[in-house]
1. In this structure, does B:SER186 turn out to be in a loop (DSSP other than H, G, I, E, B), touching a Ser or Thr at 6+ places or on another chain (Cβ under 6 Å) and either surrounded by 24 or more Cβ atoms within 10 Å (Cβ to Cβ) or within 14 Å of chain A (Cβ to nearest Cβ) (or both)?
2. Does segment B:194-217 contain at least one residue that is at pLDDT below 95, part of a loop (DSSP other than H, G, I, E, B) and of a type outside the set (S, T, N, Q)?
3. Is it the case that segment A:384-400 has a residue that's among the basic types (Lys, Arg), in contact (Cβ under 8 Å) with a residue 40 or more places away in the chain and under 24 Å from A:LYS441 (Cα atoms)?
4. Given the structure, is A:ALA881 in a helix (DSSP H, G or I), away from chain B (no Cβ under 13 Å) and within 20 Å of the chain's Cα centre (by Cα)?
5. Any residue in segment A:326-346 that is buried (at least 24 other Cβ atoms within 10 Å of the Cβ) and in contact with a His (Cβ under 7 Å, 6 or more places away or on another chain)?
6. Being closer than 29 Å to B:VAL24 by Cβ and within 14 Å of chain A (Cβ to nearest Cβ) is the filter here; which residues of segment B:151-180 pass it?
7. Restricting the search to segment A:81-137, which residues are within 14 Å of chain B (Cβ to nearest Cβ), in contact with a Leu (Cβ under 6 Å, 6 or more places away or on another chain) and among the polar types (S, T, N, Q)?
Amino acid sequence: MMKPIDITLTLNGSPLSFTEDPTKRLSEVLRNRLNFKGTKVGCDAGDCGACSVLIDDQLACSCLVPIAQANESRIETVEGLNDNGTLSQLQQSFLHHGAAQCGVCTPGMLMSAKALLEVNPSPTTSEVEDALGGVLCRCTGYQKIIDAVVNTHSFKKIEQQPEAGRAIGASIQHLDGAPKVTGELAYGADEFPSDTLFIRIIRSPHHHAAFTIGDSQNFISSSDGLALFLSAADIPGRNCHGVIPPFADQPVFAVNTARFRGEAVAAVVGTAEALGALEENAIPIQWQELPYSVIPEEAVLDNSTLVHDTRAGNVLVEGFVERGDTNTALENASYSVTVQTSTPFIEHAYIEPEAGYCVRVGERIEIHGCTQAAQMDKESLADIMNLPLEAIRVMPSACGGGFGSKLDISFQPYIALAAWLLKRPVAINYTRGDSMQSTTKRHPSNITLTIGCDKEGMLSGFDFKGTFNTGAYASWGPTVANRVPVHASGPYHIPDYRARSVAVHTNTPPSGAFRGFGVPQSAVAQETAFDQLADTVGIDRLEFRLRNALRNQQPTVTGQVFNSGVGIAECLQALQATWKSANKKARAYNQSNRGQLVKGVGIGTCWYGCGNTSLPNPSTIRIGITPKGEVVLHQGAMDIGQGSNTVITQITADALGVPVNTITIIGGDTDLTPDCGKTSASRQTYVTGMAAKRSAEALRTALLRLGNVSTDAHVALSTGPTIELQDGQQTATIDLRQMDVNEFGYVLMSEETYDPPTSPLDSQGQGSPYAVYGYGAQLMELTVDTKLGTIKLDRVTAAHDVGRAINPMLVEGQIEGGIAQGIGMALMEEYIPGKTENLHDYLIPTIGDMPVFNNIIVEVEDAEGPYGAKGLGEHVLIPTAPAILNAIRDATGAIVSELPATPHKVLAAINRIRHE
Amino acid sequence: MKFAQPKTTKEALALLANDSWSLVSGGTDFYPKLGSSQPTDNVLDISRLSALRTIHSDDTHWHIGALVTWTDVINSNLPDAFNALKLAAQEVGSVQIQNRATVVGNICNASPAADGMPALLCLDTIVRVSSSNGLRDIALQEFVTGNRQTTLDAGEMVVDLLIPKTSTKGQSNFLKLGARKYLVISIAMVATRLVIDNNSVVDAALSVGSCSVVARRLPALEQTLIGQPVTTELSALITQSHLNGLTAIDDVRATADYRYQAAAELLRRSVDSLVIQASGH
């Protein structure tokens, strides 16, 4: 540490003086020294812009500024945006437009926007893009952020919340939005106790290596500020975790052998200063590199080293669905095509790296931090710590994006173990490198698909084989292997169908859940094959899809029949007008401009089953009324930015018959709130929404019975201890003071559970794996530069069948955000262990990489979901990459089959066409 | 470990003479390199050498001081020959980075993808290095010797970039190719400066970045273009053989082969746009 120097600065108008290490980053001083936690740290390298602040009116990444350079300057942070406690116009505009989803990039976006608006109060879209280009957002797709900034001084405020019974269908703001725009919302790294120690995880630098740990006791005792060394031997319970218990195989700390680069082998606990000064080579660990495979093609070879001794051929699991007679159908087909596609590892790249802290309270531990699955964390930790389930309390912080990766435990066992042993709070804050090296990724895929059709374009045979790189540990590999064969058909009626998938271990990070669980990968093959086949037959590509689209009463590829709610045809029909005009426009452009720029139009579709595949996944919702007449909703569906706090409340409000703003939410603290399952599989709006509807209806029934009024009665909550029930001319008053208070502190309470009705799949993959599917179709218009292979996305028209849009603004936010991730998958994202472990080598789309969004919400009511609603979160990503590939082929004839379609691959594909 | 924040170049040079230091100015390369660890060297913060934050000209040269940021370049009134540098400045990272990163820091960091290099090479930039022993001037092309390597010795710092006024004639532009719009490391980039007189090319400077360990001028191409009439056919003279001598590599961003194709195409477009500009359209 450097000798501290005197610092004097003005922070949001207040003068401050202190002494500090002159080389400390301004971001660190703001957060940890001055306790201004609104400024977020996403990368510590200037790559994400979350930490942006103003220094003497100039925008800067505070992670790149030594505090010595902030001396004698004026610093402005998100906490300074409020005007005397009321939200500024810019903050209100962000809320109004739904510009903050998870909210972790929001402070950086707001400060960038402020810098712009100070000099340019009415900017254009492209001026906003230039000004905000240095801040990455992974949730929103940027459109609503642009809208918020462009319209800061012109948007029309909506003063009133919808009245009772009108919440569903209303585009109300995120109910938890205000603390996101003020910087007050606490994420995983924002609430560390002042006396906390920290833990640093020691990770394997090799893909596969044996290791031995030297004299760790001597190492700790001879180093100032270090308290504890931890490795596998210190784990009191089972040194193993996994999201699917029968496949659980991942050690908290590797034992003797590390199976992937980034795997935890040990950890050191100490003060932040001591850990910061710790040099990697001082840690007593010896490594011996071992042979490894990083791709399945090598891992399945007979002479390959087994990643797990018990898994022959490195095969984790296989999935299979078969219906009809595929071989005969393909033989009889008039036309057929075969495609081969591949996709790489894709990193979730949420802007908030994993973080949290743990406190031991007597014989219990309390874990605070970001997660998508509080109850699953609790079960894993009880196992690892050898403690009863009741001894674990998971208290989720706000979650700065998850997209599937924060379903698996990551940092939790390390802080739990350290805090338990030391009886002191222990905190952890993953670096971007920690997060990228060690947490789960989207499965890389290699797919071969042959499809046939008759002369009218009706599908005749579909033969799919997919190999998925599941990494070193199981994680969600079995789910991907099961989901893919069920979904690989896309939303189409295919009587003769066979799909096989295999998940293969390699020495790479575990592949897990990422928005779509393998389906985005399979859709790349299916949708690009459809285009090639349609062209071979000579049928319009949208028409080809419409002819084969699954309809009510037709069996899916697992033999499930829906009598209502199958909405793919409606989605395709919603695109027809745009399809026609966009194609016409592109053809006209290409005829009149015979230069290097060529326009193309492509389509992609999706279906996606909501909830677990053939497995129980109940949600339970508790709603109570306090003696004071407050309605309290125990809402355990983790809101990771997608909006379940808002949507579940809207459903509750209408089912109970009260306005949204009368409901108080209690979050996912496992001591306070029943299990709503994990935030994954697009299940929260549907499954937790159903539980909320049932619970609210039960509470309403109880209330009406108390007042002896009819089911039409209006429930009027007052601030006093009474509830009035207005039933026509009759008014019943319930005096809450006369009622008993239960163990939860409520005079009236309901608790209801909903679990989707599904059935197991048989050996041929036949059954009803999901009670509800959602559907969608997207149309991408783009321009290809045929001499550089670059792509400019012009416009996307996205039609998604959500059954019933509980909150249309949030639906749009999901659509735009999912498309942004689909764009990244299509054009730029590729995680390579050891090479792209940061956010400047691993590229995600910026604000300048988006097309114009044209969203069409389709509502084909579902018989099962709450008020007809279906899930949406994952669907939205699936069609995008295939739509882009199809548009590239439409423009140029070039087939790019290996993602991402970076310029050099696109140009190579174009050159192949030229040479043919 | 020591930290110092000198106010004058003299003070800074005296410190440099007596100890080994890591220099920090904008911090945009210093901190990413540091990662999550703390500095293990002495740190010399030169950001308060305010005399070096200046762009000016004298009889013979334009000067870009060591503390001039990319935003300063964007906001300065400069001859058209600097347009390439201004365009490069707008493509450095993001506004946040442009506001603090310095042009000189970009040179000293010596990345093969340094955004400033092609434009500065086209301006025949001379690097002025100072130490307690005095000044030495060295051509930019010789100053950067490899990936993260320069001729800067212990005890030295760059104080100024000198651009001969004879090299600030004509028009210039810059094209950067990356896989996304903002915050992107280039796959290939080119800068071009053409001096056109009487509808013919009288001088030409062209350079390519990200296609060799150090960005390079293309003397053979320059000779090909000089003396040619300025017509829409001018760029057709550019072939991939003009890129001989570059040593592009395959990496995650692109293949070497692609880089050559893209660089040649970017050069053609760059020349085309200067030709269009010259013909007044």
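The values are calculated or read from the model by the stated rules, or taken from the named source; none is laboratory data. Just so we're clear, the structure is a prediction, and the values are computed from it rather than from any experiment. Counting neighbours? That spans all protein chains shown, and the Cβs are built from the backbone with ideal geometry, glycine included.
1. The answer is yes for B:SER186.
2. no
3. No; the residues of segment A:384-400 include none that is among the basic types (Lys, Arg), in contact (Cβ under 8 Å) with a residue 40 or more places away in the chain and under 24 Å from A:LYS441 (Cα atoms).
4. Answer is yes for this residue.
5. no
6. So the first thing to find is which residues in segment B:151-180 are closer than 29 Å to B:VAL24 by Cβ, and the list is B:151-163, B:174, B:176, B:178, B:180.
Listed by number, the residues that qualify are B:LYS176, B:GLY178, B:ARG180.
7. A:SER112
Quick grid of which residues meet (1) touching a His at 6+ places or on another chain (Cβ under 7 Å); (2) farther than 16 Å from B:SER186 by Cβ; (3) aliphatic (A, V, I, L, M); (4) surrounded by 13 or more Cβ atoms within 10 Å (Cβ to Cβ):
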| position | (1), (2), (3), (4) |
| --- | --- |
| B:ALA204 | no, yes, yes, yes |
| B:SER212 | no, no, no, yes |
| B:PRO229 | no, yes, no, no |
| B:HIS242 | no, yes, no, yes |
